[in-house]
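The values are calculated or read from the model by the stated rules, or taken from the named source; none is laboratory data. None of these values were measured; they are calculated from a predicted model. Using ideal geometry, Cβ is built from the backbone for each residue, glycine included, and neighbour counts are taken over all protein chains shown.
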Amino acid sequence: MKLNFKVILFVLLLVLLNLSFGKTSIAVVGFANLGSKRENYYNTMITTSIINFLSRFPDLDVVSYSKIKEVTKNIPLKLSNQLNMEGVLNAGLSLGVKQVLAGDYTVNSKKKQIIINFMIFDVVTGELKLKRSYTGTTGMDFFDTVDKINEIVATMFYSKNVKLGKLVLKINSDKEYDFYLNNVYQKVVSKDEGFQGSVLSEIPLYISLKNVGSQKEVYSNTVIVPREEKLEITYVPVGHINIKAEGYENGEVFLNDKMVGNLDEKGVLTLRNQPANMEYEIYLSKEGKKSEKKKFFMEEGRTYNFDFSKGKVFLAEELMAGEVQANLCPDGGFEITEEIKIVSPYNEKNYDRSIAGRWHIVKYDRGFIKPEISNGIAHINFGMYKGMKMGERGDYIWSVSLCIFPIELKAGKYYRITFDAKALKPQDIYIRIGEIKVFSAQPNSEQPLLTPVRIDTEMKKYSYLFKQNFNRKNARLEIYLTGPNEFWFDNIWVEYLGAKVECFGKVEY
């Protein structure tokens with residue numbers, strides 16, 4: 001195989017960059033038809049299905065089908081009645097990816113069978129990394145074959161047995177929305193065309209709907225799709241209500257004269273996903289005492305924050321869509337913290353009392369840090385001194401963490417951490433939330449590290465769902481920045497979800 005040395009060197013650099021950014025770059029180049037030309041269309045069906053499926057996962061960087069077509073239009077997939085491996089690798093080099101997925105297939109029209117071979121190649125070395133085969137059905141049953149194809153491909157890339165489920169999203173609204181799955185854009189959805197696709201089962205999936213154009217989020221949720229089953233979600237325009245009331249603790253809440261819930265012992269209640277585009281009248285009642293009534297029109301995607309005090313009701317400034325619970329983070333919008341202090345590692349018996357309820361940086365003895373807050377956004381510049389050596393994952397990874405406390409958490413309950421962030425260059429960060437009596441960079445049952453978050457170069461919303469194992473009244477949120485970079489953070493929320501999260505189409509609190 002004759003390849004230009006400069007091209008190989010250039011692509012090698014691209015691959016190394018991809019490795020440093022953490023995403024696996026993939027091109028699904030296509031599948032060679034080893035049978036009749038009448039079966040050529042299966043290549044398009046198989047290739048587009050795999051690309052669409054793999055594009056749903058944020059840790060994979062998948063080349064679009066349009067780019068694949070452009071690069072491979074002059075590269076035959078079949079050569080001497082077999083897969084043109086040299087052409088496949090050349091396509092991968094042109095696309096600047098680390099790995100290519102390709103293969104071949106043979107259709108037996110009489111038996112209504114298709115035999116497909118899947119192969120993953122390392123673009124730089126040309127090594128065949130993995131090969132799998134599958135015999136499926138054609139005709140009307142080919143859609144079942146496509147599901148099995150996606151399952152096999154996912155298993156190949158994730159190196160473990162993967163089971164899929166079906167996610168179905170229907171829209172009961174006259175508007176169009178951009179649909180995101182795990183913060184990865186999928187498609188425009190509407191009443192006429194929703195979403196249906198295979199996803200990894202039995203893991204939390206973050207789904208989001210945003211208005212086309214403005215990108216304002218109108219709906220978000222964390223769902224779990226059952227193994228080898230279908231989870232169907234129907235979206236209707238909704239809004240959300242936060243209620244806080246002094247003197248009405250454990251009282252009843254009424255919407256349009258219908259009792260919809262009870263305030264807790266602190267006088268707080270959140271009503272999620274109330275039908276929007278209609279007028280409401282809200283009031284409270286406790287032991288025969290009723291509050292003032294307030295009328296308002298519920299708009300789609302908006303959160304209304306009511307504060308009842310001594311019989312009077314105030315409608316506060318609306319929150320961002322999706323931020324529908326009271327924020328357990330003391331200063332999620334960086335409005336209270338005037339200066340982000342830099343402190344040494346501490347515990348609950350030995351710390352600067354001025355940092356309680358304020359954002360601060362915990363720094364070890366490596367590198368330098370420059371934090372600032374501007375217009376409600378935290379900007380953190382983390383670097384290394386000249387001459388300091390940095391390994392692939394050296395000890396500087398735990399050198400700097402952005403922290404805040406206290407946060408109260410209850411054992412056995414689910415919580416969600418959401419935040420807006422961007423970085424000068426893509427990079428993983430780690431998040432942990434635990435008691436301040438210890439400060440250790442090692443994961444343990446007391447303070448487990450959540451899965452790393454890949455921060456991109458554009459401001460995006462990120463979300464994590466976790467279950468708390470211990471009762472904690474003085475927990476600390478820790479964001480480990482992991483290495484030299486510049487970061488921007490805003491709208492950091494710690495949201496209480498309840499004893500259960502949405503699963504199998506049911507929500508319980």
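Out of all the residues in the range 45-64, which are without any contact (Cβ under 8 Å) to a residue 60 or more places away in the chain and either closer than 17 Å to residue 151 by Cα or over 23 Å from the mean Cα position of the chain (by Cα) (or both)?
Step one: of the range 45-64, the residues without any contact (Cβ under 8 Å) to a residue 60 or more places away in the chain are 47-48, 51, 61-64.
47, 48, 51, 62, listed by residue number.
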Query - Of all residues in the range 356-377 being modelled with pLDDT of 90 or more and not charged (D, E, K, R), the one that is surrounded by the fewest Cβ atoms within 10 Å (Cβ to Cβ) - result: 377
Query raised in the report: Of (1) under 16 Å from residue 42 (Cβ atoms); (2) assigned to a strand (DSSP E or B); (3) not β-branched (Val, Ile, Thr), residue 186 satisfies all except one. Which?
Result: (1)
Query raised in the report: Quick one: would you say residue 167 is modelled with pLDDT under 95 and in a strand (DSSP E or B)?
Result: yes
**Report entry** Residues located in the range 418-443, provided they are small (Gly, Ala, Ser) and modelled with pLDDT under 90
**Finding:** 434, 440, 441
**Report entry** the range 223-239, subset of a type outside the set (A, V, I, L, M, F, W, C) and modelled with pLDDT of 85 or more, residue nearest to residue 306 (Cα to Cα)
**Finding:** 239
Query raised in the report: Which of the following residues is farther than 30 Å from residue 84 by Cβ, surrounded by 13 or more Cβ atoms within 10 Å (Cβ to Cβ), at pLDDT below 90 and not assigned by TED's automatic domain parsing to the domain that holds residue 422: 146, 199, 189?
Result: 199
**Report entry** Looking only at the range 84-124, and only at residues there that are under 28 Å from the mean Cα position of the chain (by Cα) and in a helix (DSSP H, G or I), the one that is farthest from residue 71 (Cα to Cα)
**Finding:** 92
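Here is a yes/no grid of residues against (1) among the hydroxyl-bearing types (Ser, Thr, Tyr); (2) modelled with pLDDT under 85:
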{"site": "321", "(1), (2)": "no, yes"}
{"site": "326", "(1), (2)": "no, yes"}
{"site": "332", "(1), (2)": "no, no"}
{"site": "338", "(1), (2)": "no, no"}
{"site": "342", "(1), (2)": "no, no"}
{"site": "348", "(1), (2)": "no, yes"}
{"site": "351", "(1), (2)": "yes, yes"}
